[in-house]
Amino acid sequence: MIYLELLWSFFQIGLFSIGGGYAAMPLIQNQVVDVHPWLTMTQFADIMTIAEMTPGPIAINSATFVGIQVAGIPGAIIATIGCILPSCVIVITLAYIYYRFRGLRMVQGVLAGLRPAVAAMIASAGITLVIMAFYGERNLPVDLSGINIISVIIFVVGFFVLRKWKVNPIYVMLGAGAAGVLLYSIV
C-alpha cells in the first residue's frame, strides 16, 4: 500500500509542478508533510537542502530521497518513476501540440498566463524556506524574537555575494556550509 501511495503522491507532484523544482517544493511539502506525515518539517527542509545540492532535478532528487526514507530502495524507485512519468507524457504531448499549433495566439496566451503562477509558486517555496531557516518553524511565529542571527547573517552575505558579484552558486553554497560549521561550532 505504501508503494501505491508513494507512486500516486509523486505522480501528482510530477503532474502539477509546472515550472521546475522550486515550483514543486510546496507540492512536495503538502504531500510528504501534510497529507501523508512521512516527514517532519525539519526533515523536509533537510531533504530539500540535499536535493538542491545534489546533481539533477530537485523534484526527482526529492522523490528519490523521500522514497528511500519511507520505503527503502523500492520506495525510491517507485517515487522517482511516479515523479517523472507525467512529465514524459506531458512533454511528448506538448511538443506535438506546440509544433502543430505554435502560431496560434491562444497557445501564446496560455504560456503567458502560466508565467505568473509559476513565479508565485517559486516565491511561496522561497519564503517558506527562509522562514524555516530563520525561525526553525514552518510558519512565521507570533514572537519574532526567536530569530536565528547566524542564519540571517549567512543569508544576507550569500544574497549580497550572489547579486553583487554574480559568483557561481556552488561556491556560495560551499562558503555558506563552511561558515555554518565555523559559526555554529563557536556558539
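If the condition is being open to solvent by 60 Å² or more (accessible area, probe 1.4 Å) and not polar (S, T, N, Q), then the stretch 16-50 contributes 16, 18, 22, 34, 35, 37, 46, 50.
Within the stretch 70-113, the set of residues being closer than 30 Å to residue 38 by Cβ, open to solvent by 80 Å² or more (accessible area, probe 1.4 Å), modelled with pLDDT of 90 or more and β-branched (Val, Ile, Thr) comprises 73, 77, 81, 89. Whether a residue is surrounded by 13 or more Cβ atoms within 10 Å (Cβ to Cβ), under 30 Å from residue 7 (Cα atoms) and in contact (Cβ under 8 Å) with a residue 12 or more places away in the chain was assessed, and residue 117 does not pass this test.
Residues that are closer than 21 Å to residue 47 by Cα, open to solvent by 90 Å² or more (accessible area, probe 1.4 Å) and out of contact with any Gly (no Cβ under 7 Å at 6 or more places or on another chain) occur at least once in the stretch 138-145. So which residues in the stretch 123-137 are open to solvent by 60 Å² or more (accessible area, probe 1.4 Å) and modelled with pLDDT under 90? If the condition is that a residue be open to solvent by 60 Å² or more (accessible area, probe 1.4 Å) and modelled with pLDDT under 90, then 137 is the only one that fits. Highlighted here are the helices (runs of 4 or more DSSP H) found entirely within the stretch 5-104 that include at least 1 residues which are touching a residue at least 60 places away in the same chain (Cβ under 8 Å) and closer than 21 Å to residue 127 by Cβ: 21-29, 41-53.
Could you tell me whether any residue of the stretch 159-180 is over 19 Å from residue 22 (Cβ atoms), in contact with a Lys or Arg (Cβ under 9 Å, 6 or more places away or on another chain) and open to solvent by 80 Å² or more (accessible area, probe 1.4 Å)? No, the stretch 159-180 contains no residue that is over 19 Å from residue 22 (Cβ atoms), in contact with a Lys or Arg (Cβ under 9 Å, 6 or more places away or on another chain) and open to solvent by 80 Å² or more (accessible area, probe 1.4 Å).
The values are calculated or read from the model by the stated rules, or taken from the named source; none is laboratory data. It should be emphasised that the depicted structure is a prediction, and the values quoted were computed from it without experimental measurement. All Cβ positions, glycine included, derive from the backbone under ideal geometry; neighbour counts span all protein chains shown. Heavy atoms of the whole protein, side chains included, go into the accessibility calculation; ligands, DNA and RNA do not. Shrake-Rupley method; radii C 1.70, N 1.55, O 1.52, S 1.80 Å.
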